[in-house]
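First up is the structure itself, then whatever we jot down about it.
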Amino acid sequence: MTALLVILVFGPLLGATVAGLFGRRIGDTPSRVITTGFLFLSCFLSWYTFSQVTWGEWGGQHIVRLLPFINVADFHSDWSIRLDALSAVMLVVVTSVSALVHLYSWGYMADDPSKPRFFAYLSLFTFAMLMLVTAADFMQLFFGWEGVGLASYLLIGFWFHKPTANAASIKAFVVNRVGDFGFALGIMTIYWMFHTIRFAELFPLIAAKAGTNWTFISQEWSALDLAAILLFIGAMGKSAQFFLHTWLPDAMEGPTPVSALIHAATMVTAGVYMVCLLSPLFEYAPAARTLVTVIGATTALFAATVGLAQNDIKRVIAYSTCSQLGYMFFAAGVGAYQAAMFHLFTHAFFKALLFLGAGSVINGMHHEQDMRKMGALWKLMPITYAVMTIGTIAITGIGIPGLDLGFAGFYSKDTIIEAAWAASGSPAGAFAFVVGVFAAGLTAFYSWRLVFMTFHGTGKWKHDDHAHDAHADHDDDHGHGHGDHGHAHVPHESPWVMLVPLLLLSIGAIGAGFAFHEYFVGEGQVEFWKGAIFNGPHNEILHHAHLAPLDIKLAPLVATAIGTIGAIWVYLLNEGMRARIAANGGPIHTFIYNKWFFDELYNATFVRGAKFLGDLFWKGGDQKIIDGLGPNGVAAVTAFAGKGVGKIQTGYVYHYAFVMLLGVAGLLSYALWAWAR
């Protein structure tokens, strides 16, 4: 087992090292082969490990200690690999999507001049994520947490000569540091309370601390709630939740395979995984769980509304990711951690499919991303159209509740909504249920809007050749590194090296929910998870969710149908209505098109405020006060005195004689005054 896990986790690191350090020497093809080969090896080993942990002989939790990490006084952290059902699920998700993204990138990045660097970054990112999901203590978790942050910075800014890519990578890095500050404080709080950061030692101690209060600024605070809230702030940053979400849409400046890897199955799901991993803590932190529920539901609503008005195909899917993460968080907030992980699992397949499908569209449209310049592509790109339709059906959750038949998203999203209904006795649970149903309708509208604008209607590209030429030149100037592939400016289907990953992901988008529903959230979930997820003695949310009446089960389907019909009406039957709505503007359209004005608000407050304080302390405090009264002031006085003294050194003899005469007169005057006394 040890050797298998070491190869599984460290294989991507070895591939990243070879491609990153020796890529220029060995060439593009060996770099791609080595990194992709190690990822597929890790993927195969992950599925084998998953089967052994959940149904085979490796049940329960295993900790493989590799080497000492930090040992200072009573603080101990070992470099370890923790294996249980929860980490096994994440291993499958991360390596499966990453392997297919590596293969897909062979086609998408075919003309990029920096392929070894790109594949090295992809593999490095995967390694950091694997370290995160196999961490046995908070220190290693933090190492992987920061590792994916660093790798995402490199990947988002991969085309570093584009100013927008540079700005997006810096924005992602800074916003994540805000969340990570809370995360670090949460880890410190945990160590201060329990004197350990090892999960195996920590979790059995938590129940005894329930009800413990701390006095801070003359107020009583629940110790466990405080620790859980601080840790959740870290999850808010990494998983782009409300208030700390602004980096996610800008991250679309990176190559499309990066968008699929970061925003489908890996980095953005780290926060959800962390909350589910820490279920023993959150079960005894009711205030923190309420906050998780409210923030998750608010995020689901916010991102779904913004997705209605975006025109960049990747940004629509990015806001869709943000919204779906909100579903996962409010599921964990109401206590249905299993449902949150189930949606994380199914979401990885259909969201990676949608992102890579969007990349196929962009490739076929010669790197055009504006859906307003697309249309009528279904005949020219039939395979891409088919897989995008599959992904759309999966994310909208279309299915038959009574017969439990549908694509992947139907099983997981409906389970989350039913869990929120089961928790609707609390205000937060009721809010999450209402938002979950409403956001399901919005999801259907913006998802089918994307399909209809891209593949149906009138082909706008037919009338925009000159503008498209300019756009293509603009992209090349900014370093996309893609040429025309020898095609005229007519949309075309992508090469098979890009289509095969889409077809494989389609299988997951269709069947992952049906195949794993009983194991993740059904009758077999207790045996499947084997204690990897903790439910308190009073947590029966998942049980009550299965008892939801038919009208509750039908609610998301009705909302989805309304959203779908609305999209058909606006974008198929009345194709010009969208343009008229956008032209007329109006406060609602302006509000959601500008993303609730969060960027403008943050620029006006935090960015300008930070700049004002920086200028105040730099120009006012440092330059004028410290330097002005200190070294610069002393230097200025000395220079002034030197200039004054220098003025009397004229070089003329009669000046010196006159001064001597004045001196003699002064001495005589003093002598006469002294004699007179």
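Below are the figures for this structure:
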{"item": "Count of residues meeting criterion [part of a helix (DSSP H, G or I) and open to solvent by 10 Å² or more (accessible area, probe 1.4 Å)] in region 416-434", "result": "9"}
{"item": "Near pairs, Cβ below 7 angstrom, 6+ apart or cross-chain, from region 567-582 (surrounded by 15 or more Cβ atoms within 10 Å (Cβ to Cβ)) to any residue that is of a type in the set (S, T, N, Q) and outside any helix (DSSP H, G or I)", "result": "575/458"}
{"item": "Residue match in region 62-82 (condition: among the charged types (D, E, K, R), part of a strand (DSSP E or B) and over 24 Å from the mean Cα position of the chain (by Cα))", "result": "yes"}
{"item": "Residue in region 599-619 that is modelled with pLDDT under 80 and aromatic (Phe, Trp, Tyr) present", "result": "yes"}
{"item": "Matching residues in region 303-328 - criterion: being of a type in the set (Val, Ile, Thr) and out of contact with any Phe, Trp or Tyr (no Cβ under 9 Å at 6 or more places or on another chain)", "result": "313"}
{"item": "Residues of region 512-531 that turn out to be under 13 Å from residue 411 (Cβ atoms), out of contact with any helix residue (DSSP H, G or I) (no Cβ under 6 Å at 6 or more places or on another chain) and not in a helix (DSSP H, G or I), as a count", "result": "1"}
{"item": "Residue in region 50-60 that is under 19 Å from residue 267 (Cα atoms), outside any strand (DSSP E or B), open to solvent by less than 50 Å² (accessible area, probe 1.4 Å) and not acidic (Asp, Glu) present", "result": "no"}
{"item": "From the options 230, 248, 224, 205, residue that is open to solvent by 60 Å² or more (accessible area, probe 1.4 Å) and in a helix (DSSP H, G or I)", "result": "205"}
{"item": "Scope region 638-670; condition closer than 30 Å to residue 623 by Cα and either small (Gly, Ala, Ser) or open to solvent by 100 Å² or more (accessible area, probe 1.4 Å) (or both); matching residues", "result": "639, 640, 641, 642, 643, 644, 646, 647"}
{"item": "Selected residue (only one of 441, 459, 406 is surrounded by fewer than 24 Cβ atoms within 10 Å (Cβ to Cβ) and out of contact with any helix residue (DSSP H, G or I) (no Cβ under 9 Å at 6 or more places or on another chain))", "result": "459"}
{"item": "Residue in region 606-615 that is closer than 26 Å to residue 319 by Cβ, open to solvent by 80 Å² or more (accessible area, probe 1.4 Å) and in contact (Cβ under 8 Å) with a residue 60 or more places away in the chain present", "result": "no"}
{"item": "Those residues of region 183-198 which are touching a Phe, Trp or Tyr at 6+ places or on another chain (Cβ under 8 Å) and more than 18 Å from residue 135 (Cβ to Cβ), in sequence order", "result": "none"}
{"item": "Qualifying residue in region 351-362 (condition: touching a residue at least 12 places away in the same chain (Cβ under 8 Å), surrounded by fewer than 24 Cβ atoms within 10 Å (Cβ to Cβ) and part of a helix (DSSP H, G or I))", "result": "yes"}
{"item": "Region 14-23: number of residues that are open to solvent by 50 Å² or more (accessible area, probe 1.4 Å) and either at pLDDT below 90 or within 26 Å of residue 47 (Cβ to Cβ) (or both)", "result": "2"}
{"item": "Meets criteria (touching a Gly at 6+ places or on another chain (Cβ under 7 Å), under 29 Å from residue 421 (Cβ atoms) and surrounded by 24 or more Cβ atoms within 10 Å (Cβ to Cβ)) for residue 299", "result": "yes"}
{"item": "Test for residue 514: is it farther than 22 Å from residue 405 by Cβ and either open to solvent by 30 Å² or more (accessible area, probe 1.4 Å) or modelled with pLDDT under 90 (or both)", "result": "no"}
{"item": "Extreme residue, nearest to the chain's Cα centre (by Cα), among residues of region 260-281 that are free of Cβ contacts under 8 Å to residues at least 60 places away in the same chain and part of a helix (DSSP H, G or I)", "result": "268"}
{"item": "Pair list, Cβ < 8 Å and 6+ apart or interchain, from region 496-513 residues that are of a type in the set (A, V, I, L, M) to residues that are at pLDDT below 95 and not in a helix (DSSP H, G or I)", "result": "499/493; 509/407; 510/407"}
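Matching residues to (1) free of Cβ contacts under 8 Å to residues at least 60 places away in the same chain; (2) within 28 Å of residue 525 (Cα to Cα):
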residue: 25; (1), (2): yes, no
residue: 51; (1), (2): yes, yes
residue: 71; (1), (2): yes, no
residue: 76; (1), (2): no, no
residue: 82; (1), (2): no, yes
residue: 103; (1), (2): no, no
residue: 106; (1), (2): no, no
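The values are calculated or read from the model by the stated rules, or taken from the named source; none is laboratory data. Keep in mind it's a predicted model, so treat the numbers as computed, not measured. Every residue, glycine as well, gets a Cβ built from its backbone with ideal geometry; the counts of neighbours run over all protein chains shown. Ligands, DNA and RNA are stripped out before the accessible areas are found, and what is left, the full protein with its side chains, is counted by its heavy atoms. Shrake-Rupley method; radii C 1.70, N 1.55, O 1.52, S 1.80 Å.
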